Amino acid sequence: MSPPRNTHYPVLMGTLRKAGKRPSEPDRASAPWEANLQATCECLSWRGALDNLERRRAEDTLGETTYAHFPAHTRAALVTAHLLLERGRISEHELETRMNQVRARLQSS
Amino acid sequence: MSTTHDHDHAPIEAAGEISEFDVLETAIRGLAIEKGLFSPEDHRRFMEWAQRIGPHGGSRLVARAWLDPGFKQRLLADGTETSKEIGIDWLDPTGTGTPSDFTYFYVLENTPKVHNLIVCTLCSCYPRPVLGQAPEWYKTPHYRRRAVRWPREVLAEFGLHLAADVEVRVHDSNQKSRFMVMPMRPEGTEGWTEDQLAAIVTRDTMIGVALPRADWTADRSPVATSR
């Protein structure tokens, strides 16, 4: 298991604009997307695409480097995407295109 | 079908600002499903499981153990198997557990001379089938690094000051082991039912950063008084 690379993917770094540079509150209520992400991570690990322990270790590593300025509770999403990009499971173009589509859909509803 | 809507409730508010992480999560999930990394049914299975779990499972285990010595003995001997007696199967939701959670489950009994505390120094392993999702602070490197080095100081930061003659044992979770603390039953709970007792066994008391009190439930804490 090689350590994750500190690649700065523009599509992921751009999410900081709205996340803001603030620490997570210790006992804040989780947002619905976090439960969805947790289930996604379990599925990825269960089906062999991305092991949970590798992801958690990468969250520690990248959370203190590449994503140090992001709120702690957002790093699981960033690192999951980061590792899927790094392993070629998805491409930056695919992710950016899909994020634009999702954003447009959510904003219009 | 009725065309009227005359029952009484507040109007549903428009959604707030859309988070970039709502967008990112939805995009990741959609792409992963499209590429066959997992199925929508897989995702639903984990979502429904996650919504079912919570600290109520652990509270029930402790409350029953306080009332039933035989159950307590079984729970301390084999936490995984004994959890089934209150309807918690560590093999849910896949038949082999979750990728994170199917392990051996150990219940650690506090005594007047031993206090237990759980942590995961490696990542954020947590006994989710009995306690639900881990609190945010449990996952921080700050807690994970310091709990094993300076447990008394960490406990003091939670407001828990233990006598010097109480041994503090810190249990580091890992891929094979999950731990939960069985706190001591507090005074003032004599004659209580299992439901009453379960209500005061809050999440933090089963992590080990707090002690149960007769006047403190997850929904109701005592009013703070100035000193």
Between segment B:161-227 and segment A:50-109, what's the alpha-carbon centroid distance in Å?
-> 37 Å
Please report the relative contact order for chain A, taking Cα pairs under 8 Å with a sequence separation of at least 6, and give it as a percent rounded to a whole number.
-> 37 percent
Within 10 Å of the Cβ of an average residue in B:29-40, the count of other chain Cβ atoms is 6
When the dipole is taken about the Cα centre of the protein assembly as shown, and only Lys, Arg (+1) and Asp, Glu (-1) are charged at their Cβ, what size is it in debye, to the nearest 20?
-> 920 debye
Which of B:Lys139, B:Lys35, B:Lys176 moves most in a GNM of chain B, Cα contacts under 10 Å?
-> B:Lys35
In chain B, which longest range has no GluC sites (Glu not before Pro) that are both DSSP loop (not H, G, I, E or B) and surrounded by at most 14 other Cβ atoms within 10 Å?
-> B:18-186
Across peptide B:132-144, what mean number of C-beta atoms from other chains lies inside 10 Å of a residue's C-beta?
-> 4
Whole-Å distance, taken between Cα centres, linking segment B:122-157 and segment B:35-91 = 20 Å
Once the Cβ-Cβ distance between B:Val166 and B:Glu81 is put in as r, and R0 is 35 Å, what FRET efficiency do you end up with, to the nearest 0.05?
-> 0.70
Could you quote the convex hull projected area for chain B, Cα atoms only and averaged over all directions, in nm²?
-> 19.1 nm²
Tally Lys/Arg at +1 and Asp/Glu at -1 over every other residue whose Cβ is under 15 Å from the Cβ of B:Glu187; what's the total?
-> 0
Calculated FRET efficiency, B:Glu17 and B:Arg145, Cβ-Cβ r, R0 51 Å, to nearest 0.05?
-> 0.90
Specify, per residue and in Å³, the volume enclosed by the convex hull of the alpha carbon atoms belonging to the protein assembly as shown.
-> 199 Å³
Virtual paramagnetic centre 7 Å along Cα→Cβ of B:Gln51, amide N under 20 Å, in segment B:84-101 = B:88-89, B:92-95, B:98
Could you name every residue in segment B:107-124 that has 30 Å² or more less accessible surface in the full protein assembly than in its own chain alone (probe 1.4 Å, ligands and nucleic acids excluded)?
-> B:Leu122, B:Cys123
With springs only between Cα atoms under 10 Å, which of B:Arg185, B:Arg146, B:Arg29 fluctuates most in a Gaussian network model of chain B?
-> B:Arg29
Sites excluded, trypsin sites (Lys or Arg not before Pro) in DSSP loops with at most 13 other C-beta within 10 Å, longest stretch of chain A = A:29-86
A:Pro32 neighbourhood, Cβ < 10 Å, K/R = +1, D/E = -1, net charge -3
Summing -39500 (n - 2.57) over every DSSP H run of at least 4 in chain B, dividing by its residue total and rounding to the nearest 500, the 222 nm mean residue ellipticity is -10500 deg cm²/dmol
For an R0 of 56 angstrom, estimate the FRET efficiency from the Cβ-Cβ distance between B:Glu109 and B:Glu41 and round to the nearest 0.05.
-> 0.90
Rounded to the nearest 20 Debye, what is the dipole magnitude of segment B:55-207 about its Cα centre when Lys and Arg each give +1 and Asp and Glu each give -1 at the C-beta?
-> 520 debye
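The values are calculated or read from the model by the stated rules, or taken from the named source; none is laboratory data. For clarity, every value in this text was computed on a predicted model and none was experimentally measured. All Cβ positions, glycine included, derive from the backbone under ideal geometry; neighbour counts span all protein chains shown. For accessibility, only protein heavy atoms count, side chains too; no ligands or nucleic acids. Shrake-Rupley method; radii C 1.70, N 1.55, O 1.52, S 1.80 Å.
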